[in-house]
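All remarks here apply to the structure that follows.
The values are calculated or read from the model by the stated rules, or taken from the named source; none is laboratory data. Quantities reported herein were computed from a predicted structural model and do not represent experimental measurements. Neighbour counts run over all protein chains shown; Cβ positions are idealised from the backbone, glycine included. Accessible surface is based on the protein model in full, side chains and every heavy atom, while ligands, DNA and RNA are left aside. Shrake-Rupley method; radii C 1.70, N 1.55, O 1.52, S 1.80 Å.
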Amino acid sequence: MPPRRRLSPADRRAQLLAVAAQCFAAHTYDEVLMEDVAERAGVSRALLYRHFPSKRDLFAALYRQVAEQLLAKTRFDPADSLVEQLTEGLDAHIEYFAENRNTVLAANRVLAGDHLIRTIIADELDALREGLLGVLPHADADEATRAAVSGVLKSWLVFVQVLCVDWLADPHCTRTELRDVCIGAVLGAIRPLLPEDPAPDWPRRT
């Protein structure tokens, strides 16, 4: 084990999460052992367990961090077109999914029944839904219309999650095709509900 560096609790936690990210990205959830994470981080198992009582707690902390980072990369700006914002947000998510296949599959399949993991995913989807609601052209819509759009977005986000996870297991199309399927799905679903077309130039013509 390499000599341990003295770090503040916050810096040590960040270091452990960075090492865990590498481990969970390179190996399946079952293959990752806490003692291996500790050795790679250059700390004792006791110190690792002091920060994260179990592998599930370590993974959950990592996945919450990932969700926050992906949300930060998703822009919600009414000054930009909806398609531009969807494109950037989906590209960021799909890129992370592709580069961290084992981590994503662990969260969405191996630990799919875990309450904490489900809560992290649900919180991220709710934040994305609220952000999208804020940039759609429905400011003058009545409460019933807003509720209908919100419900559609909630279902669409689950659709995107399931579709992307399935794509990881069986990449039957390109990333661009996957992204455009997701964009086309949400635009087709919300157009009938909005007072104006949120993306009059979609689908793109070649």
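Here the condition is being in contact (Cβ under 8 Å) with a residue 24 or more places away in the chain and farther than 16 Å from LEU125 by Cα; of LEU157, LEU193, it holds for LEU193 alone. Checked against the criterion of being aromatic (Phe, Trp, Tyr) and part of a loop (DSSP other than H, G, I, E, B), the candidates TRP202, TRP167 yield just one match: TRP202.
Has the range 148-158 got at least one residue that is charged (D, E, K, R) and out of contact with any Leu (no Cβ under 9 Å at 6 or more places or on another chain)?
No, the range 148-158 contains no residue that is charged (D, E, K, R) and out of contact with any Leu (no Cβ under 9 Å at 6 or more places or on another chain).
The C-beta contact set for the range 10-24 (first residue in a helix (DSSP H, G or I), second residue of a type in the set (S, T, N, Q) and crowded, with 19+ Cβ neighbours inside 10 Å, distance under 6 angstrom, 6+ apart or interchain) comprises PHE24/THR103. The helices (runs of 4 or more DSSP H) located wholly in the range 31-135 that include 1 or more residues which are at pLDDT below 95 and either buried (at least 18 other Cβ atoms within 10 Å of the Cβ) or hydrophobic (A, V, I, L, M, F, W, C) (or both) occupy 55-72, 82-99, 115-135. Would you be able to tell me the number of residues in the range 127-159 that are within 16 Å of PHE76 (Cβ to Cβ) and β-branched (Val, Ile, Thr)? Of the residues in the range 127-159, 2 are within 16 Å of PHE76 (Cβ to Cβ) and β-branched (Val, Ile, Thr).
Collect the residues in the range 104-125 that are in contact (Cβ under 8 Å) with a residue 12 or more places away in the chain and more than 11 Å from the chain's Cα centre (by Cα), keeping them in residue-number order. Lay out the reasoning, then the answer.
Just the residues of the range 104-125 that are in contact (Cβ under 8 Å) with a residue 12 or more places away in the chain, to begin with: 104-111, 114, 116-117, 120-121, 123-125.
If the condition is that a residue be in contact (Cβ under 8 Å) with a residue 12 or more places away in the chain and more than 11 Å from the chain's Cα centre (by Cα), then LEU105, ALA106, ARG109, VAL110, LEU111, ASP114, LEU116, ILE117 are the ones that fit.
One residue stands out in the range 138-160 among those that are in contact with a helix residue (DSSP H, G or I) (Cβ under 8 Å, 6 or more places away or on another chain) and part of a loop (DSSP other than H, G, I, E, B): the one that is surrounded by the fewest Cβ atoms within 10 Å (Cβ to Cβ), namely ALA141. Pairs meeting the criteria (first residue in the range 161-177 and within 11 Å of LEU105 (Cα to Cα), second residue open to solvent by 40 Å² or more (accessible area, probe 1.4 Å) and not charged (D, E, K, R), beta carbons under 9 Å, at least 6 apart or on different chains) are ASP166/HIS172.
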